[in-house]
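What follows is a short report on a single structure.
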Amino acid sequence: MDVRALVEETLDGYFGHYPVAATEAGNHTHDDRWPDLTDAGRSARLAFLADAEARLAGLESAGLTRDEAIDLRILLAYLRAAQFNEATLQEDRWSPMSYVYLFGNGLFPLIARPFAPPAVRLRSVAARLRALPAALELARAALEHPGERPVSAFHAERAVATMPGVADLARTALAEAQATGDPDLVDELRPAVEAAVGAVEAHTAWLRDDLLPRATGGFRLGAELYEQKFRHALKSDRTPEDLKTRAAQAFIEVRAEMVRLARDLWSDWVGSEPPPADDGTVVRGVLDAIATDHPRADELLDFCRAENARIEAFIGERDLLGLTDEPLEIVWTPQFLRAFGGAMLIPPGPLDRGLSSFFAITPTPDEWSDVQKESYLREDNARMLRLLTIHEAVPGHYTQLAYSNRSTSPVRAIFQSGVFAEGWAVYVTQVMMDIGYGSDDSALMLVHWKFYLRSITNALMDIGIHAGQMEREEAMRLMVEDGFQEEAEAANKWDRARLSSTQLCEYFLGSVEMHDLEATARKATASDGGEFRYRPFLESVLAHGTPPTPIIREILFGS
């Protein structure tokens, strides 16, 4: 069997064992079912992964083309990561949140993405909803019999709060069916929705009343497991200790630049009184004044839509890179994803070409006090929203993934590196600042450095929590006192850091690797006697899907 055929066979098998991942990727062969959540299902997945790895590894010494060898490396790394997740990490046995994401991600793309007529998509939703009660029963069985790690109390607590979002998706599907005017479709979907909603409500009650009171597990991975996940999830040559060292140095440098800028801005934003001697007080004072300039809670979407149009015009004027035509919608974050807070991009699957990406903004929760809501809006103030729009939309995640979906290599498009994606978004925001975006607004640069400082603190906190013993007080001090974040934003990030592990390292690690790529490109251009230009460099980085950054380095520079 040749390489291409074996890769296609492996992808088909992978999608069969991971049907929700298939839906998210844009392969719709398995949209009507969930993965097998039994122990036998896990064994079958592990057997498939081991067999696929062995067969693909046997080709490594065969006369492969350069592109084939690169795709093979990427695919093998992801198969090994999947084995680690199934055999060692086993989040489905100790994290009730894993099922919120599984079931939410299995329904949302079918409802939201018009890759097929509504009737086709909603019948797949109906099939998954009919199977949801049994899947939830298996989820409870797995959580009742955890492996070496007991169920995490915090993950159970957050699942209680967010699992109802899965029921909301089911209700939304019924409303979508009613909107089609097809009574047969409504009749097919209604009983599935009613059964699924009842099953989700029963599962949520079980989480709250039964599992949570006896969940004794902590949220930390521990240093050994964290280092393993770091290697498999981030696919970087660096270790957690390496990244921590570099982040600590960057923290000092960025904070010093913020102090310099804040002292220059003091009189414009705070008043004629001399700034205080304490550097932190100066920065906080200026940022506090800047933070008062923010849209109302109900204006966030319109503000970002208008800002995105201004950004696109600027990119065109500066010829930074070619813009894309794929549709982008700016919307409120679906409820089942709101545990992560903030803003995010929800892109189409790499095989779903030409569909909308969603730049999602998390609204202020209704149950929050006015003080909490104001703190949230102060953190994501007008200038921070300008930066978030760059990061999440253009030329950040939306642009990068639109380019990625053009890749002719399904492996590079499907198996996406979070380090590459997040690193690009952080890095290209710096590029925008460097070429003069918002140069008429000095306060924007100060907020930009605060935004970048956030990516640094993300890494320090993630490593400190999961490979160390960082507690809430230390994390909040790092974010609020040292990193100048608002209390509400920092509290959300503390929760997010406990829910996830390694993901918060992607921003800083990826930006470091992107800046290293640019430095190499500048050196190569200079050695050839040429002049470095951003557009050809940026487009060359974006032209190969979303592989791990070391792969991009090999593609562009051969090492």
Scanning the stretch 179-197 for residues that are without any contact (Cβ under 8 Å) to a residue 60 or more places away in the chain and surrounded by 14 or more Cβ atoms within 10 Å (Cβ to Cβ), the one farthest from residue 144 (Cα to Cα) turns out to be 186
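Can residue 394 be described as within 28 Å of residue 160 (Cβ to Cβ) and either of a type in the set (Val, Ile, Thr) or part of a helix (DSSP H, G or I) (or both)?
Details: within 28 Å of residue 160 (Cβ to Cβ): no; either of a type in the set (Val, Ile, Thr) or part of a helix (DSSP H, G or I) (or both): yes.
It is false that residue 394 is within 28 Å of residue 160 (Cβ to Cβ) and either of a type in the set (Val, Ile, Thr) or part of a helix (DSSP H, G or I) (or both).
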Q. Any chance the stretch 300-319 includes a residue that's modelled with pLDDT of 95 or more and at positive phi?
A. yes
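Scan the stretch 269-281 and tell me whether some residue there is over 28 Å from the mean Cα position of the chain (by Cα), in contact (Cβ under 8 Å) with a residue 60 or more places away in the chain and at negative phi. Reasoning before the result, please.
So the first thing to find is which residues in the stretch 269-281 are over 28 Å from the mean Cα position of the chain (by Cα), and the list is 269-281.
Applying the additional criterion that residues be in contact (Cβ under 8 Å) with a residue 60 or more places away in the chain yields 269, 280.
Then keep just the ones that are at negative phi; that gives 269, 280.
So far as the stretch 269-281 goes, yes, one or more of its residues are over 28 Å from the mean Cα position of the chain (by Cα), in contact (Cβ under 8 Å) with a residue 60 or more places away in the chain and at negative phi.
Conditions tested, residue by residue: (1) closer than 12 Å to residue 160 by Cα; (2) touching a helix residue (DSSP H, G or I) at 6+ places or on another chain (Cβ under 8 Å); (3) crowded, with 20+ Cβ neighbours inside 10 Å; (4) touching a residue at least 40 places away in the same chain (Cβ under 8 Å).
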| position | (1), (2), (3), (4) |
| --- | --- |
| 200 | yes, yes, yes, yes |
| 203 | yes, yes, yes, yes |
| 212 | yes, yes, no, yes |
| 217 | no, yes, no, yes |
| 222 | no, yes, no, yes |
| 228 | no, yes, no, yes |
| 231 | no, no, no, no |
| 235 | no, yes, yes, yes |
In the stretch 138-170, anything at pLDDT below 95 and charged (D, E, K, R) is listed as 144, 148, 149, 168
Conditions (1) touching a Gly at 6+ places or on another chain (Cβ under 9 Å); (2) surrounded by 16 or more Cβ atoms within 10 Å (Cβ to Cβ) -> residue 535 fails only (2)
Exactly one of 273, 299 is within 25 Å of residue 362 (Cβ to Cβ) and of a type outside the set (A, V, I, L, M), and that residue is 299
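So, restricting to helices (runs of 4 or more DSSP H) that lie completely within the stretch 1-116, which ones have at least 1 residues that are small (Gly, Ala, Ser) and surrounded by fewer than 18 Cβ atoms within 10 Å (Cβ to Cβ)?
So the answer is 3-17, 39-57, 66-84.
Does residue 303 fit the bill of being touching a helix residue (DSSP H, G or I) at 6+ places or on another chain (Cβ under 9 Å), over 30 Å from residue 77 (Cα atoms) and aromatic (Phe, Trp, Tyr)? It would help to see each step written out before you state the result.
Details: touching a helix residue (DSSP H, G or I) at 6+ places or on another chain (Cβ under 9 Å): yes; over 30 Å from residue 77 (Cα atoms): yes; aromatic (Phe, Trp, Tyr): yes.
Here the answer is yes, as residue 303 does meet what is asked.
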Filter the stretch 478-525 for residues that are without any contact (Cβ under 8 Å) to a residue 24 or more places away in the chain and among the β-branched types (Val, Ile, Thr); the one that is surrounded by the most Cβ atoms within 10 Å (Cβ to Cβ) is 480
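Could you look through the stretch 93-129, keep only residues that are of a type in the set (Phe, Trp, Tyr) and either over 27 Å from residue 208 (Cα atoms) or modelled with pLDDT of 95 or more (or both), and pick out the one that is nearest to the chain's Cα centre (by Cα)? Talk me through it step by step, then tell me what you get.
Going through the stretch 93-129, the residues of a type in the set (Phe, Trp, Tyr) turn out to be 94, 99, 101, 103, 108, 115.
Pick out the ones that are also either over 27 Å from residue 208 (Cα atoms) or modelled with pLDDT of 95 or more (or both) and you get 94, 99, 101, 103, 115.
Values: 94: 21, 99: 17, 101: 12, 103: 17, 115: 22 Å.
Across the stretch 93-129, the extreme among qualifying residues is 101.
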Inside the stretch 501-559, the number of residues satisfying the requirement of being among the small types (Gly, Ala, Ser) and part of a helix (DSSP H, G or I) is 8
Over the stretch 69-128, the set of residues aromatic (Phe, Trp, Tyr) and farther than 30 Å from residue 145 by Cα is 115
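Of the residues 392, 374, which is surrounded by fewer than 20 Cβ atoms within 10 Å (Cβ to Cβ), over 15 Å from residue 320 (Cβ atoms) and not polar (S, T, N, Q)? It would help to see each step written out before you state the result.
Details: 392 fails: surrounded by fewer than 20 Cβ atoms within 10 Å (Cβ to Cβ).
Exactly one residue qualifies, and that residue is 374.
The values are calculated or read from the model by the stated rules, or taken from the named source; none is laboratory data. In this text, all values refer to a predicted model and were calculated from it rather than measured experimentally. Neighbour counts run over all protein chains shown; Cβ positions are idealised from the backbone, glycine included.
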